[in-house]
1. What list of ³J(HN,Hα) couplings, whole Hz, do you get for region 221-227 from phi and the Karplus terms 6.51, -1.76, 1.60, once you set θ to phi - 60° and write x for glycine and proline?
2. I need the Kirkwood Rh of the chain: take the reciprocal of the average 1/r across all distinct C-alpha pairs and report it in angstrom.
3. With +1 assigned to the C-beta of every Lys and Arg and -1 to the C-beta of every Asp and Glu, and no other charges, what is the dipole magnitude of region 9-55 about the Cα centre in debye, to the nearest 20?
4. Residue by residue through region 162-179, which ³J(HN,Hα) values in whole Hz follow from phi under the Karplus form 6.51 cos²θ - 1.76 cosθ + 1.60 (θ = phi - 60°), with glycine and proline marked x?
5. Residue by residue through region 47-60, which ³J(HN,Hα) values in whole Hz follow from phi under the Karplus form 6.51 cos²θ - 1.76 cosθ + 1.60 (θ = phi - 60°), with glycine and proline marked x?
6. In nm, to one decimal, how far is the ASN55 label point from the ARG205 one, both placed 7 Å along Cα→Cβ?
7. Please give me the summed charge of the neighbours of GLU163: other residues whose Cβ is under 15 Å from its Cβ, Lys and Arg +1, Asp and Glu -1.
8. Based on the alpha-carbon set only, what is the convex hull volume of region 42-125 divided per residue, in Å³?
Amino acid sequence: MKILVVDDELDICEILQYNLETEGYEVAAVNSAEEALALNLTEYALILLDVMMDNMSGFQMAHKMKENPATAQIPIIFITALDGENHMVKGLNIGADDYIVKPLSMKTVKARVNAVLRRVYPHGMRNGMSAETVCYEGIVLDLKAKTVSLDHQELPCTKLEFELLSFLLQHPGAVYSREDLLKYCWPMDTCVLDRTVDVNITRLRKKLGPYGKQIKTRVGYGYCFEK
């Protein structure tokens with residue numbers, strides 16, 4: 001599983017990255033909320049987020065994540081020097097899954113991280129997703145090999161079809177507009193029409209056969225994968 005550390009203290013980032021990697025996690029680190037929000041956060045299973053940072057605070061970043069359907073379900077653990085009860089309550093009310101006060105005990109951090117991941121992703125899965133696969137009934141996506149199988153048979157897909165299916169499967173029930181799908185599934189700086197999304201969704205539905213009906217159209221809003 002991939003974890004993102006967001007902290008403006010370089011030494012904290014390095015310590016967390018090293019210790020979590022020894023637990024077997026894939027860890028990336030950035031030094032500001034702005035840098036973090038520029039990333040594709042949907043790739044991460046957990047965010048370790050400092051509260052007190054220059055410009056945008058961790059609380060503000062968490063608000064933005066919770067307002068975005070694509071990132072609203074990603075668990076957040078706040079890491080901060082603010083140890084008052086009011087700060088902890090504020091963080092938890094925003095939607096954080098845990099709150100750890102500095103100075104950090106790496107033993108405590110590892111235990112809290114493992115506990116949150118076990119709770120949010122039981123059996124190493126999230127909505128049918130493991131560290132390397134996403135699945136729904138007979139559909140299995142291998143995120144590393146970039147392959148799709150349908151009822152145990154390999155299903156040839158274009159890169160865009162794979163990205164669309166992967167994104168929708170990882171966020172079941174959430175409705176995404178054409179603009180959202182262009183942002184998250186198409187290469188950056190690609191100039192395409194909204195109609196392009198419709199065409200690719202239609203092709204994907206046909207390829208998925210009986211499972212194609214799970215990709216629902218919400219008129220006036222966009223598309224979702226309904227389980």
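1. Coupling constants for region 221-227: 10, x, 10, 8, 9, 9, 8 Hz.
2. Across the chain, the inverse of the average 1/r is 18.8 Å.
3. Here the size comes out at about 140 debye.
4. With coefficients 6.51, -1.76 and 1.60, one gets 4, 5, 4, 5, 4, 5, 5, 5, 7, 9, x, x, 7, 8, 10, 6, 4, 4 Hz.
5. Coupling constants for region 47-60: 10, 9, 10, 5, 8, 8, 9, 5, 6, 8, 7, x, 4, 5 Hz.
6. Output for this residue pair reads 4.2 nm.
7. Result for the local shell: +3.
8. It is 101 Å³ per residue.
Any read-out appearing in this document is the output of simple, stated calculations on the displayed coordinates, not a laboratory observation. Note that the structure is predicted; figures quoted are calculated from it, not measured. Using ideal geometry, Cβ is built from the backbone for each residue, glycine included, and neighbour counts are taken over all protein chains shown.
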